[in-house]
Every structure is written in structure tokens, then in C-alpha cells.
1. What strands (runs of 3 or more DSSP E) completely inside the stretch 154-259 contain at least 3 residues that are within 14 Å of residue 139 (Cα to Cα)?
2. Would it be correct to say that residue 170 is in contact (Cβ under 8 Å) with a residue 12 or more places away in the chain and farther than 28 Å from residue 33 by Cα?
3. Please state which one of 219, 245, 215 is within 12 Å of the ligand (Cβ to nearest atom), closer than 21 Å to residue 16 by Cα and within 15 Å of the chain's Cα centre (by Cα).
4. Taking the stretch 104-130 as the region of interest, how many residues are crowded, with 18+ Cβ neighbours inside 10 Å and in contact (Cβ under 8 Å) with a residue 60 or more places away in the chain?
5. Can you tell which of 259, 196 is surrounded by fewer than 18 Cβ atoms within 10 Å (Cβ to Cβ), modelled with pLDDT of 95 or more and among the hydroxyl-bearing types (Ser, Thr, Tyr)?
6. When the residues of the stretch 22-48 are filtered to those that are buried (at least 24 other Cβ atoms within 10 Å of the Cβ) and among the polar types (S, T, N, Q), which remaining residue is modelled with the lowest pLDDT?
7. From 212, 225, which residue is among the β-branched types (Val, Ile, Thr) and without any contact (Cβ under 8 Å) to a residue 24 or more places away in the chain?
8. Restricting the search to the stretch 98-150, which residues are within 18 Å of residue 52 (Cβ to Cβ), of a type in the set (S, T, N, Q) and not in a loop (DSSP other than H, G, I, E, B)?
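The values are calculated or read from the model by the stated rules, or taken from the named source; none is laboratory data. Bear in mind the structure is a predicted one, so any value in this text is a computation, not a measurement. Cβ sites come from the backbone with ideal geometry, for glycine too, and all protein chains shown count toward neighbours.
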Amino acid sequence: MQTHTPPIILCFSGLDPTGGAGIQADIEAIGQHGGHAAPIITANTVQDTKNVNYFEAIAPGIILQQAQSILMDMPVSAIKIGMLGSSDTAEAIHIILKQNSHIPVIFDPVLYAGGGSSLSKSDLIDAIKRLIIPHTHILTPNIPEAHHLTSDTLTSEHAAQKLNSLGAEHVLLTGTHAKSENVIHELYSDRQCIKSFKYKRLSHEYHGSGCTLAASLAALTAKQTDLVQACQTALDYTYKSLKNAQSLGHGQLIPKRYS
Ligand code: PLP
């Protein structure tokens, strides 16, 4: 048996059969950062590299039992949450978060697929705000998600500040959807932008970029990396995996997470 055990990250994510997004992205990214992913599927999806056509949420009772078994058995150092799909799933995960409030939560509030299809049912936004965001250590919305969650259409800065006020300790707002020449990601804590990260804009569209980023952040947080350094390392890793992304289907490119 090895003496050095990797940090364990409990992941709640959807299954994307293209292998670009969802739980596969988590497992690959977390492995690359030296962590071990304990995967729990929240939803099954029917999709290709262009869009999501259908999804079915997994029964919340199974999700709850799976998480409780893992948490009783393994020393989980971080929890990563991606696609929730339904408010019942959010209720089940909320129970886990309340019982394990010492474990940092990294939450990618997945609401839409890259191709534009909704990955959430209508009452999910309210459940996310009430049940998950107040337990979140780092929230990683993109600009449309930040506006959607806050019903704030003023500025992305205002929306990020509101997400801090709703209880997300830190908000890493990803800037891909802005019209700017470069892509600027911003880290908000206590309603202030404490750091921005600038990257050259890449020309393609990708399937699983947000998942790669949040899973990386979860692994780095589990390793107790300082917040700003964790954001920098996770963003650098995600950028590299997008730059090397491969065209494996007829739609968006799939990040190459293995070096
Ligand atoms: N999780 C699942 C299961 C998905 O199918 C998708 C998109 O298709 C996402 C998350 C979000 O993907 P991205 O990281 O590209 O925002």
C-alpha cells in the first residue's frame, strides 16, 4: 500500500456520453491535479458535441445514500458540484452539505449546455440560491449564469457581488461570454473584485470547459492551495486543455485534459 494518499474530492455531476463535460471531465482533471475523484452521477444526459437533447435526473434517494456511504468511508477534502438538473437533487445535496459543513464546496452552477439547451428545470434556480449557494466556498458562474441566478441584468460585476451577498464566499466569474478582445476572469470576495486573470481569446467552442475549471479548483482546494494561486493554476490548466482540445465529433471541441 502507498503511504501517500491523494486528496479525495466528492463530485456530484451529470454524465455526458461525449466524455467532454460532466463527471468524466471531473475525473480527468482531478486526476491530473493529483486528486482522487469519488463520482456521483446527478443526471443522465443524451447529447452529442453540438447540444444536449434530453436529460433525466437520478433519484435523489440514491444520490443521498451514495454520498453518505462515501463520507462514512473516505476522508473527503472537497466537494465539487456541477449539473444538478432538478430541485429535488439540490434538496438531497443540501442535506449532505449541512451534515459536512467543514468540507469546502466548489460549485459550477450549470444551467445551459454549450449549444444552448437548458440543463435545469424551472424551480432549480430558486433551490440553488436557497440550498447550495449559501454553502459554497467557490462559485464558478459564467456571465450569463451570474445574470440568471441573480435576475440582475445591470453589469456582470453587480451580479457577482450579489452572488457574494447570497452566501458564496468567493465567486470566480468566467469571462468567455463577454465581447472583450481578451478573456478576463474575475475573482470576487466580500463583494470586491480581488484579482483578475487575463487570457488570449481562443477561436473555437468547447464542451466541458467550465467542468474542467471547477474540478481543477476543487482538487487544488482539497490540496489546501491558497485561493488566488488555486484560481491561477486551475485557469492555466483549463486554458492549456482548451488550446490542445481535439475535434472528436461534429460540434464543439473536447478539452485535452491529459498531458
Ligand atoms: N455537465 C454536463 C453533464 C453537461 O452535459 C454539460 C454540458 O453539456 C455541462 C456540465 C456544462 O458544460 P461546460 O463545462 O461546457 O459548461
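1. On the way: elements: 170-173, 183-189, 192-199.
Ranges flagged: 170-173, 183-189.
2. Considered against the rule, which asks whether it is in contact (Cβ under 8 Å) with a residue 12 or more places away in the chain and farther than 28 Å from residue 33 by Cα, residue 170 comes out as no.
3. Being within 12 Å of the ligand (Cβ to nearest atom), closer than 21 Å to residue 16 by Cα and within 15 Å of the chain's Cα centre (by Cα) holds for just one of 219, 245, 215, which is 215.
4. 8
5. Values: 259 fails: modelled with pLDDT of 95 or more.
Result of the check over 259, 196: 196.
6. 47
7. Sole residue among the options that is among the β-branched types (Val, Ile, Thr) and without any contact (Cβ under 8 Å) to a residue 24 or more places away in the chain: 225.
8. 118, 142
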